[in-house]
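Have a look at the structure below, then the notes.
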Amino acid sequence: MEIVVCVKPVPEPETRLRAAADGRTYDTEAVKFVLAGYDESAVEQALLLKESIPGSKVHAVAFGPSPRTEEVLRASLALGCDQATWVEAPSELRPDPLATAHALARAIRPLPHDLVLCGKQAGDDESGLVAPALGELLGVPDFGFVVDLRWDAGSSRLTFRRETEAGEERWEAPLPVVVAMQQAWNDPRTAKLPAILKSRKVPIAKVAWTPLPAELGPTVPVRFELPPPRTGAKIVEYKTPGEAAEKLVRILREEAKVFP
Amino acid sequence: MSARVLVVGELRDGHLADPTLESVGSALALAGGPEGVVGFLAGASARSAASEYGRYGVADVRVAESGSFDSVPPAFLAPVVVATASETRSDTIVVGGTTFGRDLTGRVAARWNAAAANGVTEVRLTGEGFLVRRPVFGGRATETLRLEGPRRVLSLRPHSFSAPEEKPTEVRVTPAAAPEPAPGLLGPKRVAVAPIASGAGPGLTDAAIVVSGGRGLRAPENFHLVEELAQALGAAVGASRAVTDAGWRPPSFQVGQTGKTVSPQLYIAVGISGAIQHIVGMVSSRVIVAINSDATAPIFKVADYGLVGDLFEIVPALTAEVRRVRGL
Ligand SMILES: Cc1cc2nc3c(=O)[nH]c(=O)nc-3n(C[C@H](O)[C@H](O)[C@H](O)COP(=O)(O)OP(=O)(O)OC[C@H]3O[C@@H](n4cnc5c(N)ncnc54)[C@H](O)[C@@H]3O)c2cc1C
């Protein structure tokens with residue numbers, strides 16, 4: 001199976017966020033970037049499939065600026081991806097999920113792609129738009145919120161589960177498909193040092209970036225805001241559990257107004 | 001300045017889902033009245049539910065009435081939605097930010113050459129353009145985006161918009177333009193649907209109130225304390241990773257960095273210490289209550305209200321009090 005996995009660098013989850021000087025996006029100065037959490041699940045899923053289907057290959061594809069995008073591609077190679085392709089974005093380019101999908105689609109079209117795996121959203125902008133847009137641009141079905149993807153060699157179909165409001169859905173799908181993975185249910189592996197060293201020597205293919213035509217409706221960041229810091233809980237004083245319950249319910253109804 | 005808005009509805013138990021009513025509310029504001037709003041529904045019971053749009057003054061309703069829409073991939077619906085938007089000369093498509101809506105947004109945007117945003121909490125059409133605000137970084141920050149170009153697609157974060165006032169009118173139901181689906185889209189099949197264990201799953205990301213339990217509950221057989229409180233409140237049940245890793249509850253219950261992000265009106269953390277990986281999944285909740293025996297637990301730094309004490313005493317008392325005031 002020829003598997004493409006899309007990866008994105010995002011700030012480490014523990015990063016202290018600040019607005020950039022122009023107030024439009026977040027400040028990337030001195031921020032450490034890592035492979036996005038849901039993308040880690042997607043890479044893990046790709047590698048699990050590769051290990052279970054002889055002759056499979058995993059190709060990591062990314063769109064974004066230097067150096068962080070190259071770094072997550074290297075990290076993906078170190079985890080076990082076979083090849084990598086990078087669409088380098090100009091460093092001043094502002095994020096736009098649809099433009100990202102177009103850039104990734106251009107890179108993926110010429111590659112063999114039975115299965116395109118993505119995270120369902122990235123931990124920074126959480127747009128959740130790239131995988132479905134990619135499905136449309138590649139002309140294949142897409143599925144979001146997917147867990148537990150398996151290959152059924154007998155029927156040549158993927159089987160997987162999706163958690164939706166309807167409940168837990170089970171699906172079967174022939175290839176090709178785009179799949180956006182839900183949470184890190186699969187406990188992603190970490191890279192070993194020899195693999196990290198080896199991955200540094202793998203050449204990364206480059207695909208040129210071209211701007212989207214303006215009529216495609218760009219998304220322009222206008223403001224990035226942090227909420228006022230939470231000041232700490234108001235501790236409810238009480239003598240008996242009954243009093244604690246009574247006081248809390250009264251607060252929730254009368255002060256916080258959240259009680260049904 | 002006003003928009004022409006197509007609301008893509010979602011059915012739950014044969015009726016318009018709450019996120020759809022919220023979409024109608026936002027659409028009426030954007031369009032400056034019901035004349036600029038068109039309702040859309042797909043599925044086996046689309047026609048019978050179509051009249052529900054009329055309650056809110058929306059008279060023009062397009063339906064793709066086919067049971068096949070209930071079991072095909074979301075991608076299948078995008079061509080019908082886009083054709084309907086073009087036919088009704090809509091410039092904006094609004095859908096509730098459920099799994100259904102979030103999956104549809106990107107697909108429709110790519111097909112319609114539109115700007116798009118998921119999980120929107122505020123929409124404004126001003127001299128500055130079409131502005132949307134949405135939480136990012138797990139609710140630790142918000143961004144405001146300008147959606148440029150002539151078309152846009154939005155999914156709205158549940159509970160962020162109000163359902164509209166009732167203003168009943170007769171509806172005109174018209175079958176939606178249904179282009180032939182591309183053959184490649186026909187292969188996938190939904191083979192089964194099972195209801196998700198109580199409260200967890202997407203119900204969790206949707207719910208107005210979430211009660212989550214942590215390791216402080218000590219053992220799986222005590223988790224019912226959290227579930228009973230949730231039931232009394234009409235809340236969804238969540239858990240910390242300590243609980244899901246120990247197998248007390250399945251991973252679908254997990255709130256946090258590697259689980260679900262929730263932002264209900266009320267989040268109650270029971271016996272949860274408040275590790276940063278948990279916090280990032282719930283900090284954007286409107287009101288946070290923590291129940292913990294350790295007054296120095298980090299959860300109290302992000303909570304609005306705290307009860308310091310033994311959860312085994314407090315939670316049953318709280319459940320009883322909630323039942324009492326709700327007359328249950
Ligand atoms: C990469 C990574 C990702 C992670 N992702 C997540 C995630 O998505 N979600 C998540 O939740 N965690 C996540 N974690 C784990 C996280 O760091 C914590 O270990 C976890 O959240 C702790 O769960 P807890 O609060 O239930 O348990 P503990 O930290 O053990 O806290 C239990 C609390 O219960 C209180 N308590 C004990 N007895 C009582 C009593 N009788 N009455 C009242 N209170 C009592 C204690 O005072 C304590 O504060 C992640 C960790 C890593 C490294």
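The values are calculated or read from the model by the stated rules, or taken from the named source; none is laboratory data. These figures come from a predicted structure and were not determined experimentally. We place every Cβ from the backbone using ideal geometry, glycine too, and count neighbours over all the protein chains shown. Ligands, DNA and RNA are stripped out before the accessible areas are found, and what is left, the full protein with its side chains, is counted by its heavy atoms. Shrake-Rupley method; radii C 1.70, N 1.55, O 1.52, S 1.80 Å.
In the condition set (1) open to solvent by 50 Å² or more (accessible area, probe 1.4 Å); (2) part of a loop (DSSP other than H, G, I, E, B), A:Glu71 is compliant with all but (2).
Go through region A:218-260 and give me each residue that's in contact with a Phe, Trp or Tyr (Cβ under 8 Å, 6 or more places away or on another chain) and in a loop (DSSP other than H, G, I, E, B).
At the first step, the residues of region A:218-260 found to be in contact with a Phe, Trp or Tyr (Cβ under 8 Å, 6 or more places away or on another chain) are A:224, A:232-236, A:244, A:247-249, A:251-253, A:256.
Scanning region A:218-260 gives A:Gly232, A:Ala233, A:Val236, A:Ala256.
Annotation: B:His278 fulfils all but one of (1) in contact (Cβ under 8 Å) with a residue 24 or more places away in the chain; (2) open to solvent by less than 20 Å² (accessible area, probe 1.4 Å); (3) within 25 Å of the chain's Cα centre (by Cα); (4) more than 7 Å from the ligand (Cβ to nearest atom); the unmet one is (4). Scanning region A:90-133 for residues that are over 14 Å from A:Thr219 (Cα atoms) and of a type in the set (Lys, Arg), we see that the one that is most open to solvent (accessible area, probe 1.4 Å) is A:Arg109.
Among the residues making up region B:312-322, a single one is buried (at least 24 other Cβ atoms within 10 Å of the Cβ) and more than 7 Å from chain A (Cβ to nearest Cβ): B:Val315.
Of everything listed in (1) closer than 16 Å to B:Val7 by Cα; (2) more than 7 Å from chain A (Cβ to nearest Cβ); (3) open to solvent by less than 10 Å² (accessible area, probe 1.4 Å); (4) not in a helix (DSSP H, G or I), the single unmet condition for B:Gly101 is (4). The set of residues in region B:302-312 that are near the ligand (Cβ under 8 Å from one of its atoms) and either of a type in the set (Ser, Thr, Tyr) or farther than 19 Å from B:Ala275 by Cβ (or both) comprises B:Gly309, B:Asp310, B:Phe312. Considering region B:252-275, the residues that are near the ligand (Cβ under 6 Å from one of its atoms) and of a type in the set (Gly, Ala, Ser) include one that is nearest to the other protein chains (Cβ to nearest Cβ), namely B:Gly259.
Can you pull out the residues in region B:261-270 that are in contact with a helix residue (DSSP H, G or I) (Cβ under 6 Å, 6 or more places away or on another chain) and open to solvent by 10 Å² or more (accessible area, probe 1.4 Å)? If the condition is that a residue be in contact with a helix residue (DSSP H, G or I) (Cβ under 6 Å, 6 or more places away or on another chain) and open to solvent by 10 Å² or more (accessible area, probe 1.4 Å), then B:Thr261, B:Ser263 are the ones that fit. Number of residues in region B:203-251 that are within 11 Å of the ligand (Cβ to nearest atom), among the polar types (S, T, N, Q) and buried (at least 18 other Cβ atoms within 10 Å of the Cβ) equals 3. Scanning region A:173-214 for residues that are touching a Pro at 6+ places or on another chain (Cβ under 8 Å) and within 16 Å of the ligand (Cβ to nearest atom), we see that the one that is modelled with the highest pLDDT is A:Gln183. No other residue among B:Glu65, B:Glu22 is of a type in the set (Asp, Glu), buried (at least 22 other Cβ atoms within 10 Å of the Cβ) and touching a residue at least 60 places away in the same chain (Cβ under 8 Å) apart from B:Glu22.
The single condition among (1) modelled with pLDDT under 90; (2) open to solvent by 40 Å² or more (accessible area, probe 1.4 Å) that B:Gly199 does not meet is (2).
Quick one: would you say A:Arg223 is within 23 Å of the chain's Cα centre (by Cα), surrounded by 15 or more Cβ atoms within 10 Å (Cβ to Cβ) and outside the structural domain of A:Lys120 (by TED's automatic domain parsing)? Answer is yes for this residue.
Sort out which residues of region B:4-15 are at pLDDT 95 or above and not β-branched (Val, Ile, Thr), and write them in order of number. Talk me through it step by step, then tell me what you get.
Our first condition is that a residue be at pLDDT 95 or above; within region B:4-15, this holds for B:4-9.
Those that are at pLDDT 95 or above and not β-branched (Val, Ile, Thr): B:Arg4, B:Leu6, B:Gly9.
Once region B:54-79 is narrowed to residues that are of a type in the set (Ser, Thr, Tyr) and within 28 Å of A:Ala133 (Cβ to Cβ), the residue that is farthest from the other protein chains (Cβ to nearest Cβ) is B:Ser66.
Applying the condition of being open to solvent by 20 Å² or more (accessible area, probe 1.4 Å) and within 18 Å of A:Val258 (Cβ to Cβ) to region B:281-301 and asking which residue is nearest to the ligand (Cβ to nearest atom) yields B:Val283.
Matching residues to (1) charged (D, E, K, R); (2) at the interface with chain B (Cβ under 7 Å from one of its Cβ atoms):
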residue: A:Met181; (1), (2): no, no
residue: A:Pro188; (1), (2): no, no
residue: A:Val202; (1), (2): no, no
residue: A:Pro213; (1), (2): no, no
residue: A:Val222; (1), (2): no, yes
residue: A:Lys239; (1), (2): yes, no
residue: A:Glu243; (1), (2): yes, no
residue: A:Glu254; (1), (2): yes, no
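Applying the condition of being closer than 15 Å to B:Ala17 by Cβ and charged (D, E, K, R) to region B:44-59 and asking which residue is farthest from the chain's Cα centre (by Cα) yields B:Arg55. Among the residues of region B:241-262, those identified as closer than 24 Å to A:Glu12 by Cβ, without any contact (Cβ under 8 Å) to a residue 60 or more places away in the chain and under 21 Å from the mean Cα position of the chain (by Cα) are B:Pro251, B:Gln254, B:Val255, B:Gly256, B:Thr258, B:Gly259, B:Lys260, B:Val262.
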